[in-house]
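> Got a structure for you, questions after.
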């Protein structure tokens with residue numbers, strides 16, 4: 001039996017929001033068993049669970065909203081918590097966005113290691129994929145299919161010499177995530193920066209926290225991986241599927257997808273009760289009944 005885990009002690013960091021450009025303080029704190037991951041806007045006194053039911057905007061980042069309060073760019077932190085096996089934690093933030101730090105999940109991995117992990121008295125439950133579920137939007141698609149572990153396979157393609165095609169596949173566990181996925185930074189095209197900023201996005205973006213791609217190459221000194229771009233898309237996807245609220249036994253595949261398509265896939269999975277169940281391990285019978293109904297689907301776009 002595997003037990004739920006939380007943090008041993010509180011840890012924190014300070015940075016700026018990638019899209020808002022505002023300074024923000026973040027603290028990770030232990031939480032009781034069954035609490036899940038909860039964001040707390042301490043400046044507003046509002047708690048926002050990391051749940052599909054709280055999804056709001058999915059424009060270049062994942063945003064959660066509840067009771068008039070929102071928290072932006074949650075995917076990098078959620079990805080680290082999910083991959084390192086943190087089931088229950090309180091995330092206190094004194095502003096509208098999680099700090100971007102260096103644009104990857106590596107600083108959050110360091111924070112989690114600094115805090116340490118503590119087992120809780122309740123057993124861990126896994127969401128097991130029983131049958132394929134897929135969403136398609138034009139040439140973009142995402143799919144869950146059965147597997148006895150969590151694996152992510154991703155393909156990207158852009159109209160740029162550096163990014164015409166990249167593909168990567170990882171069995172996601174704490175070690176693989178820490179070494180092969182977490183260091184991959186968010187990226188964007190120089191030609192899109194002004195448009196994003198006119199729309200109130202990427203206001204905190206810089207060469208210190210994002211890989212910026214010009215017409216002839218990367219403006220930063222060098223990439224951390226030759227295929228850093230697709231690895232970051234895997235990082236984002238892990239953070240988005242973390243909103244399902246349980247570790248996953250299944251294979252996530254995606255081609256040219258994004259936050260909205262990841263969310264649409266998760267919503268469709270919950271709306272297809274014969275495609276999944278909840279178990280304590282890959283070999284066990286279902287622990288809980290499937291729901292009679294599911295929330296409305298997120299629009300199938302990216």
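The values are calculated or read from the model by the stated rules, or taken from the named source; none is laboratory data. The model shown is predicted, which means the values in this text are computed figures rather than measured ones. Methodologically, a virtual Cβ is constructed for each residue, glycine included, from the backbone with ideal geometry; neighbour enumeration extends over all protein chains shown.
> What do you reckon, is residue 144 touching a residue at least 60 places away in the same chain (Cβ under 8 Å), touching a helix residue (DSSP H, G or I) at 6+ places or on another chain (Cβ under 7 Å) and part of a helix (DSSP H, G or I)?
Values: touching a residue at least 60 places away in the same chain (Cβ under 8 Å): yes; touching a helix residue (DSSP H, G or I) at 6+ places or on another chain (Cβ under 7 Å): yes; part of a helix (DSSP H, G or I): no.
So residue 144 fails the test.
> Which one is modelled with the lowest pLDDT among residues in the stretch 16-28 that are over 19 Å from the mean Cα position of the chain (by Cα) and part of a strand (DSSP E or B)?
So, considering only residues that are over 19 Å from the mean Cα position of the chain (by Cα) and part of a strand (DSSP E or B), the one modelled with the lowest pLDDT is 23.
> Can you give me the number of residues within the stretch 123-139 that are under 30 Å from residue 3 (Cβ atoms) and loosely packed, with under 14 Cβ neighbours inside 10 Å? Reasoning before the result, please.
Initial filter on the stretch 123-139 (under 30 Å from residue 3 (Cβ atoms)): 123-131, 133.
In the following step, the residues that additionally are loosely packed, with under 14 Cβ neighbours inside 10 Å were identified as 123, 131.
Selection size over the stretch 123-139: 2.
> Right, next: Checking residue 292 against (1) at pLDDT 95 or above; (2) surrounded by fewer than 19 Cβ atoms within 10 Å (Cβ to Cβ): exactly one of these is not met. Which one?
(1)
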